[in-house]
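No lab work stands behind these numbers, since they all come straight from the coordinates. This structure is a prediction, so every number in the text was calculated from the model and none was measured.
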Amino acid sequence: MIGFWLEALTRPTLDLTLATHAGLVTRIVERPGAVLNDADLAALVVQLRSVAG
């Protein structure tokens, strides 16, 4: 499970597919580096690591 989050958080794009309910799959695709400045991107990384932890 840790490997999953490490790989997800080190990619240039966020592309996650999660089974969120029986018969339901949720996919999240985001490119935060394309729209956020360096400070906002760093803050987002801290928040994502907190959630993943």
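Do you know the relative contact order of the chain, to the nearest whole percent, from alpha carbon pairs under 8 angstrom that are 6+ apart?
Taking the mean separation of contacting Cα pairs over the length of the chain, I get 29 percent.
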Exercise for the section: Calculate how steeply helix 38-52 sits against the longest principal axis of the alpha-carbon atoms of the chain, using the helix alpha-carbon long axis, and give the answer as 0 to 90 degrees to the nearest 10. Expected result: 30 degrees
